[in-house]
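Visitor: Mind looking over this structure? Questions follow.
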Amino acid sequence: MAAVEAETAPLTLESLPTDPLLLILSFVDYRDLIKEEKSRKNKCWKSLFIDAYSDVGRYINHYAAIKKAWDDLKKYLEPRCPRMVLSLKEGAREEDLDAVEAQIGCKLPDDYRCSYRIHNGQKLVVPGLLGSMALSNHYRSEDLLDVDTAAGGFQQRQGLKYCLPLTFCIHTGLSQYIAVEAAEGRNKNEVFYQCPDQVARNPAAIDMFIIGATFTDWFTSYVNNVVSGGFPIIRDQIFRYIHDPECVATTGDITVSVSTSFLPELSSVHPPHYFFTYRIRIEMSREALPEKACQLDSRYWRITNAKGDVEEVQGPGVVGEFPIISPGRIYEYTSCTTFSTTSGYMEGYYTFHFLYFKDKVFNVAIPRFHMSCPTFRVSIARLEMGPDEYEEMEEEAEEEEENDSAEMDESDESDEDENESDEVQGEERRRRVFDVPVRRRRCSRLF
């Protein structure tokens, strides 16, 4: 009888013990409850909660952060990139995720499952939800894969064992992976870009650029960059440029600001070749006098790598153009550079002449901006090499480096009159699928 009375007694917040109450409040979104009440008026709050908890209660430690990230992202993108929001798929069911686990023979991380209960990735469209990057002859846009497509790309081969693709670019074949098990030197749940070792004669030698320690870390940090305006939206696409608010220089009425991005698909750890792109914004104040209108004549760069080696570059215009800047006008352009070290910085100035006083020239400072590649981990296949094999491999790499430099010098001599707007010279990249690593080719750099 007592048991029956206990079952029929009304459930109140006061009657709940402290710990379960905290768990409930951390899990339940009040707006979700209101939505459920409207659609299922014949059920009480207690019944609704029991149903919800039995369905997704296992994600209680991740739900609040993941749900907030999705809500914030969609709210921010709906007025700016509506087609991107429309490409999102409905959430997967528990049985769908269980079936994928059975298919790949591994457990999916709970935070991954939680996110996919909310949205099961997106349709394979352009632009992708996970950001874009565009140079004159290179384009990348990453879609968030649905769980079935991701399962089809699950890796069992050496070098990427137990890795599940999270994203995919239909133009470059680039993917970000999550390690669902600890293997080959990777930490469980780590998110990374693969980077095949171009020197080792072993397809299992794959270095990694680490992007996040867990799915939650990876996803929420990306969302924060988007909704804070850190990643600019240009022509309905999210561009993964990072802007340092202090990376701004003003000379008279002209302000120059810089944002940068690392391109893993054009970089390698072995041999060391780190590819960066930067976007420069040149703006003249609206309050400037009309006679302050001017035209850019030339540029000067001072480039310093992590070893302190300095290279100086001068040339006419920027990317083959000689922009005119007038009060209130903004000019932006994108270019790129490479380093043999993991980081470096650039600084310099532009030389302008006034349109109304052509004999008067002046310099405009370009602020120093730093570029650094993500943390990377060397392939365990390389670490297991013997000293003789390693030495032979390094000698071959040095010889290839010399040949590449000679070819580039010859190309520079024959093309010195060419328009510099071709930022990535003759770069033909094959589309690659999940299980076929492609040897990265070097791109010439522009300044």
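Visitor: Which of (1) open to solvent by less than 50 Å² (accessible area, probe 1.4 Å); (2) closer than 16 Å to V256 by Cβ; (3) among the β-branched types (V, I, T) is the odd one out, the single condition T337 does not satisfy?
Guide: (2)
Visitor: If you don't mind, there's one more thing I want to ask. Could you grab the pairs with beta carbons closer than 6 Å, sequence gap of 6+ or different chains, first residue in the stretch 65-91 and touching a residue at least 24 places away in the same chain (Cβ under 8 Å), second one open to solvent by 50 Å² or more (accessible area, probe 1.4 Å) and assigned to a loop (DSSP other than H, G, I, E, B)?
Guide: C81/D236; S87/K123
Visitor: Within the stretch 320-334, how many residues turn out to be assigned to a loop (DSSP other than H, G, I, E, B) and in contact with a Ser or Thr (Cβ under 7 Å, 6 or more places away or on another chain)? Before you say what the answer is, go through the steps one by one.
Guide: Pass one, the stretch 320-334, residues assigned to a loop (DSSP other than H, G, I, E, B): 320, 322-323, 326-329.
With the extra rule that they be in contact with a Ser or Thr (Cβ under 7 Å, 6 or more places away or on another chain), the set shrinks to 320, 327.
Total meeting the criteria: 2.
Visitor: Assess whether D110 counts as being touching a residue at least 12 places away in the same chain (Cβ under 8 Å), over 27 Å from C336 (Cα atoms) and within 21 Å of the chain's Cα centre (by Cα).
Guide: Numbers: touching a residue at least 12 places away in the same chain (Cβ under 8 Å): yes; over 27 Å from C336 (Cα atoms): yes; within 21 Å of the chain's Cα centre (by Cα): no.
So D110 does not fit the description; no.
Visitor: Now, a different point. Kindly check whether there is at least one residue in the stretch 380-401 that is at pLDDT 95 or above and among the acidic types (D, E). Outline the logic, then answer.
Guide: Just the residues of the stretch 380-401 that are at pLDDT 95 or above, to begin with: none.
No, the stretch 380-401 contains no residue that is at pLDDT 95 or above and among the acidic types (D, E).
Visitor: Take the residues in the stretch 151-188 that are on the phi > 0 side of the Ramachandran plot and more than 18 Å from the chain's Cα centre (by Cα), then tell me which one is least open to solvent (accessible area, probe 1.4 Å). Let's see the steps before the verdict.
Guide: Let us first name the residues in the stretch 151-188 that are on the phi > 0 side of the Ramachandran plot, namely 159, 162, 173, 184-185.
Now narrow it down to the ones that are more than 18 Å from the chain's Cα centre (by Cα): 159, 162, 184-185.
Details: G159: 6, Y162: 66, E184: 39, G185: 43 Å².
Applying the filter and picking the extreme gives G159.
Visitor: Every residue in the stretch 210-247 that is open to solvent by 60 Å² or more (accessible area, probe 1.4 Å) and assigned to a strand (DSSP E or B), please.
Guide: Scanning the stretch 210-247 gives I242, H243, D244, P245, E246.
Visitor: For the stretch 98-109, name all the residues that are part of a helix (DSSP H, G or I) and crowded, with 17+ Cβ neighbours inside 10 Å. So that I can check it myself, show each step before the final result.
Guide: Here is the first cut: in the stretch 98-109, the residues part of a helix (DSSP H, G or I) are 98-104.
Once the filter is applied, which keeps residues that are part of a helix (DSSP H, G or I) and crowded, with 17+ Cβ neighbours inside 10 Å, the stretch 98-109 yields V100, I104.
Visitor: Still on this structure, please answer the following. Answer yes or no: is there a residue in the stretch 378-385 that is assigned to a strand (DSSP E or B) and either of a type in the set (V, I, T) or open to solvent by less than 70 Å² (accessible area, probe 1.4 Å) (or both).
Guide: First, pick out the residues of the stretch 378-385 that are assigned to a strand (DSSP E or B): none.
Within the stretch 378-385, not a single residue is assigned to a strand (DSSP E or B) and either of a type in the set (V, I, T) or open to solvent by less than 70 Å² (accessible area, probe 1.4 Å) (or both).
Visitor: Quick check, is F369 closer than 30 Å to E246 by Cβ, at pLDDT 95 or above and open to solvent by 40 Å² or more (accessible area, probe 1.4 Å)? Before the answer, list the steps.
Guide: Values: closer than 30 Å to E246 by Cβ: yes; at pLDDT 95 or above: yes; open to solvent by 40 Å² or more (accessible area, probe 1.4 Å): no.
Taking the combined requirement at face value, the residue does not satisfy it.
Visitor: Mind checking which residues of the stretch 157-182 are out of contact with any Ser or Thr (no Cβ under 9 Å at 6 or more places or on another chain), outside any strand (DSSP E or B) and either at pLDDT 95 or above or within 24 Å of A92 (Cα to Cα) (or both)?
Guide: L160, K161, Y162, V180, E181, A182
Visitor: Separate question: Looking at T341, T304, T337 in this structure, which one is among the polar types (S, T, N, Q) and in a loop (DSSP other than H, G, I, E, B)? First the steps, then the outcome.
Guide: Numbers: T304 fails: in a loop (DSSP other than H, G, I, E, B); T337 fails: in a loop (DSSP other than H, G, I, E, B).
None of the other options fit; the residue is T341.
Visitor: Residues to consider are V56, V85; find the one that is surrounded by 15 or more Cβ atoms within 10 Å (Cβ to Cβ), in a helix (DSSP H, G or I) and modelled with pLDDT under 90. I'd like the intermediate steps shown before the answer.
Guide: Values: V85 fails: modelled with pLDDT under 90.
Residue meeting the stated conditions: V56.
Visitor: Does E291 satisfy the condition of being acidic (D, E) and either part of a strand (DSSP E or B) or touching a strand residue (DSSP E or B) at 6+ places or on another chain (Cβ under 9 Å) (or both)? First the steps, then the outcome.
Guide: Working: acidic (D, E): yes; either part of a strand (DSSP E or B) or touching a strand residue (DSSP E or B) at 6+ places or on another chain (Cβ under 9 Å) (or both): yes.
Against the criterion (acidic (D, E) and either part of a strand (DSSP E or B) or touching a strand residue (DSSP E or B) at 6+ places or on another chain (Cβ under 9 Å) (or both)), E291 qualifies.
The values are calculated or read from the model by the stated rules, or taken from the named source; none is laboratory data. Not measured: the values here are computed from a predicted model. Glycine gets a Cβ as well: all are built from the backbone with ideal geometry, and neighbour counts include every protein chain shown. With ligands, DNA and RNA removed, areas are computed over all heavy atoms of the protein, side chains included. Shrake-Rupley method; radii C 1.70, N 1.55, O 1.52, S 1.80 Å.
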